[in-house]
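Report on the following structure.
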Amino acid sequence: MVILGVDPGLRATGYAFLQGLPGGVELVAHGLVRTEDDAPLANRLERIHGALFALLEQRRPSQVAVEDLYATQRYPRTAILMGHVRGVVCLAAAELAIEVTALPPAAVKQAIAGFGAASKGQVQAAVQRLLRWPEPFDVHVSDAVAICLTALSRAGVPLRLRVQEVVL
């Protein structure tokens, strides 16, 4: 089972493809879709949609896991912009008939860092530790990996790195 995890953001959308196997998880691909701050909103959304659609078409995951909307009283505009990005993520998946699962940020933080109010840095460190990655991922990629790991865990895949056997 391959799942795409997406951390939706207008400036930078993080993504990660992970394969869930009986023995654990394997990181297949990861990256960022960046947009220019001064570009019109419609152009930025088109860029994100196009990039994610191409990735989905190429890799054909069984599911897309995306961060659920959340809003803070202090930054309500952030939730609105994130909603636009989530919309194009869902559209890209729907165009290819791929199931979308939304995960609350607190549930992802709880599953990955053991604390529902964990900071981005704590999630980043937990992801690095879980995947035994030599250096921290970009924070948006870390969030995408965390979202993907949580979706895989909910599907019964153990949250441990799958070590490939080396044949000599």
Test of understanding: what is the full-extension gain from residue 39 to residue 80, defined as 0.36 nm times their sequence separation minus their Cα-Cα distance? 13.0 nm
Can you tell me the dipole magnitude for the range 61-160 around its Cα centre, using point charges on the Cβ only (Lys, Arg +1; Asp, Glu -1), in Debye to the nearest 20? 320 debye
Give me the number: length gained by fully extending residue 122 to residue 135, i.e. 0.36 nm times residue separation minus the C-alpha to C-alpha distance, one decimal in nm. 3.3 nm
Quick check: with the 1.4 Å probe, what order do 82, 1 take by accessible area, largest first? 1, 82
Pick out the long, greasy-scoring helices in the chain: whole DSSP H runs spanning 18 Å or more along their own axis by Cα, mean Kyte-Doolittle at least 0.5. 76-95, 139-154
When only the heavy atoms of the protein chains count and the probe is 1.4 Å, how do 62, 142 rank by accessible area, highest first? 62, 142
Placing +1 on the Cβ of each Lys and Arg and -1 on the Cβ of each Asp and Glu in the chain, which of 76, 145, 121 has its Cα farthest towards the positive end of the resulting dipole? 121
Residue 37 neighbourhood, Cβ < 12 Å, K/R = +1, D/E = -1, net charge +1
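The values are calculated or read from the model by the stated rules, or taken from the named source; none is laboratory data. Since the model is a prediction, treat every value here as computed from it, not as a measurement. Glycine also receives a Cβ, built like all others from the backbone with ideal geometry; neighbour counts cover every protein chain displayed. Only protein heavy atoms, including side chains, enter the accessible area calculation; ligands, DNA and RNA are left aside. Shrake-Rupley method; radii C 1.70, N 1.55, O 1.52, S 1.80 Å.
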